[in-house]
1. Can you work out which of the residues in the stretch A:103-141 that are farther than 27 Å from A:VAL82 by Cα and not in a loop (DSSP other than H, G, I, E, B) is nearest to the chain's Cα centre (by Cα)?
2. Report yes if some residue within the stretch B:128-135 is away from chain A (no Cβ under 14 Å) and surrounded by 16 or more Cβ atoms within 10 Å (Cβ to Cβ); otherwise report no.
3. Give just the number: which of (1) in contact (Cβ under 8 Å) with a residue 40 or more places away in the chain; (2) within 12 Å of chain B (Cβ to nearest Cβ) does A:ILE229 not satisfy?
4. Find the residue count for the stretch B:152-168, including only residues that are free of Cβ contacts under 8 Å to residues at least 60 places away in the same chain and crowded, with 18+ Cβ neighbours inside 10 Å.
5. Given the conditions (1) in contact (Cβ under 8 Å) with a residue 40 or more places away in the chain; (2) closer than 21 Å to A:LYS435 by Cβ, which single one is not true for A:ILE34?
6. Buried (at least 16 other Cβ atoms within 10 Å of the Cβ), more than 7 Å from chain A (Cβ to nearest Cβ) and of a type in the set (D, E, K, R) - does that describe any residue in the stretch B:214-223?
7. Right, B:THR171: surrounded by fewer than 22 Cβ atoms within 10 Å (Cβ to Cβ), under 30 Å from A:GLN189 (Cα atoms) and at the interface with chain A (Cβ under 9 Å from one of its Cβ atoms) or not?
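The values are calculated or read from the model by the stated rules, or taken from the named source; none is laboratory data. Just so it is clear, the model here is predicted, and its values are computed rather than measured. Methodologically, a virtual Cβ is constructed for each residue, glycine included, from the backbone with ideal geometry; neighbour enumeration extends over all protein chains shown.
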Amino acid sequence: MVSENKKYCIIQNCKSIETDLIPVLNYADFSKEIIELLTLNENHCVTYFAFPQDDGLKFIAAIANDSTQNIFILSHFLPKNVEQELASLTPQINALHIFEREIHENFGVGFPGHPWLKPVRFAHNRADTNLKINDYPFYSIESNELHEVGVGPVHAGIIEPGHFRFICNGENVLHLEIQLGWQHRGVEQTLLDKQTLLQRNIVAESVAGDTTVGHSLAFAGIMESLAGIETATQLDIERSIALELERIAVHTADISALCTDVAYNLGASIFGILRTAIINQTQAWCGNRLGKGMIRTGGTHYPLTNQLKSQILQTLDKYEKQFVELAHLTYRLPSVENRFDDIGTVTEQQMRKIGAVGMVARMANIPRDVRKSHPSKAFVKHPYTPIVLPKGDVFSRFLLRRKEIKQSIFWIREVLKNEEFVHPSPKPVSDIALKPGRLAVSLVEGWRGEICHTAVTGKNGELVYYKIKDPSFHNWKALELSLRNLEISDFPINNKSYNLSYCGFDL
Amino acid sequence: MLQEIKIIKHNGKQFITDPTKAEVPAPFRGRTEISSLKVDENALVSCCPLNAISANPVRINLAKCNFCGECAFRFPEKITFTNDHKISTNKLENLIISEGEKKNIELDQTLIDPKIKTVFGKSLKLRQVSAGGDNSCEFELNACGNANFDMGRYGIEFVASPRYADGVVVTGPISENMAEALKTTWEAIPSPKLFILCGVDAISGGIFADSAALERSILKDVKIDLYIPGNPPHPLTIINGLLKLTR
């Protein structure tokens, strides 16, 4: 549907639109509309990217409205034969900084006025391959009293690589800059290059292995909408239960990891054990502890049966009993509370500015949750109430996980109590024909937050562009902001309290 | 204090008594078996998203397989994934499963320098480098050290610096951007040392094998001591592989 002022299109989550219907605005109108939309608190940018089309670059911005389920699609075209420069929108809308950086890195488009136009991930197909990952232009301050601390890319544990550069005054961090890109495997290009549906599905599963269900669900949603496959609500319910199990598992592991960092060994061990119970349940369902193989397009190899249903309920009952007992003790321990309380605080205003999504938004008083704002069938039938906390410190992020676990268990129970799984969901489809000349957006609330996949098809139904946005794409900035004026020794608990994705960002 | 003891008691004994004997229940997908049944081999070969299957005779290469199970769904009487998780080996040929073959995947002990057993048999400290990994293999490597699997009981642990490590465990298809850091890490480890590839992405590149963003040339210059297949490998696959290599 085209908006009343004929400036943009309006679609819903997992619905597609003919690309010819999207008005192509000149850059002045495009900027004006984006700024007008994003000035409202209820709107935020879910993705903004460019891709080569005909003799130039097509720009697509998708802005989601949190109260009406609408997603606004705006577009602009930049021909090759004109100057490759566009006035940056970042000074007005800070949240666009990372998207403009990405477009700049990939296609060499200049954004005059951008305060921080640095490389994003040193993608293999970037515009300027002369610039290497070791040449990243770090911010620095000339002073005899300050020193810099560089950490990474390889870290002191089993963690993905990233480089952290601290500027410190004594123990105090004045500034942290995070340089990513080390994990870049060419995910988006590989997804386009692969020809079969299953191969592409497997690429989507590998965007971030800890969010296998989240990303593969976003992929399935987009393929089904582009192929015009109507899936049953039951299938979406099964998938959403897997999504919530993934959330419970990783949240539990994160609580365990935070306990490790403040040397609370009982919490570290037993929350870890509890995580095992949940991922083993996922394995009992689909054969893989991380849910690889679970989500396929159009159907599933692993339908939820009534037998599995009672098994999941039993696992959750047992888990919850132990979790509540231990959480009741852990969350009131002065030695734990003292380390987390009032540490790494970010404000609601800061988080709105960077366009934070998911947990990082909700721990800072922003009620942003795709399950509520852009629900899939399962969350329409069984509504989910997001948890929002006001304070924005490490303790809020620690507490939010506990509360979200409780809420997810409650949701799964309600669903399972009210649903019967007598007729198994259909098998996956092996091949699909995508409708030509369309664009679709798929949003999923993974455990980290809003995952957004966007796909564009060409004249013959071939996939011409596939854009993946992991919630970490917005949220890494929050970690940088958290560290300001903090002791450098508080970095580990802050880092764990966010647990952002390296591979999901680097792609 | 009393509350803590109560919690420990309520959670009961959680550690796996003997990881070398523990089993993983179905539908876990471990070592494959291929029956002698005649099927449309072209269809079988082309159904594999990772080109891990070859025809005449039918073979599956677990170095390329990501255990999605597609071939078994399409040809259930031809291909089965058993729940045998002991699939680590030090020889790539051992990962090729042929039609009608039903033998365990072993390590070729003749390839192992005797020094490895004497030096690392009781204590093995490893450095992990994720080079384009998707955080699933990393997730399972972390799990090896938790209270359930407790790999630490064998003296096997992950350490924070290559300088006091005995080897490197690589995950991911080895991105170009990480190639140099991986090389530096490897060179910083004192000899004798082990080079271990964990997960299908590390072993063969997995679904990213054809990506232009990889730089896998380091693999030509080192001797690989252990391949741990899986996507990701189960912690028991990792632990049993390391045990067979070092004791």
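1. In the first step, residues of the stretch A:103-141 are kept if they are farther than 27 Å from A:VAL82 by Cα; the result is A:132-141.
Restricting the remaining residues to those that are not in a loop (DSSP other than H, G, I, E, B) gives A:133-135.
Numbers: A:ILE133: 24, A:ASN134: 27, A:ASP135: 27 Å.
Going through the qualifying residues, I end up with A:ILE133.
2. No, the conditions are met nowhere in the stretch B:128-135.
3. (2)
4. Here the count works out to 6.
5. Result: A:ILE34 passes all but (2).
6. Yes.
7. No.
Conditions (1) in contact with a Phe, Trp or Tyr (Cβ under 8 Å, 6 or more places away or on another chain); (2) modelled with pLDDT under 95; (3) buried (at least 24 other Cβ atoms within 10 Å of the Cβ); (4) more than 10 Å from chain B (Cβ to nearest Cβ), marked per residue:
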{"residue": "A:ILE202", "(1), (2), (3), (4)": "no, no, yes, no"}
{"residue": "A:LEU217", "(1), (2), (3), (4)": "no, no, yes, yes"}
{"residue": "A:THR233", "(1), (2), (3), (4)": "no, yes, no, yes"}
{"residue": "A:ARG239", "(1), (2), (3), (4)": "no, no, yes, yes"}
{"residue": "A:THR305", "(1), (2), (3), (4)": "yes, yes, no, yes"}
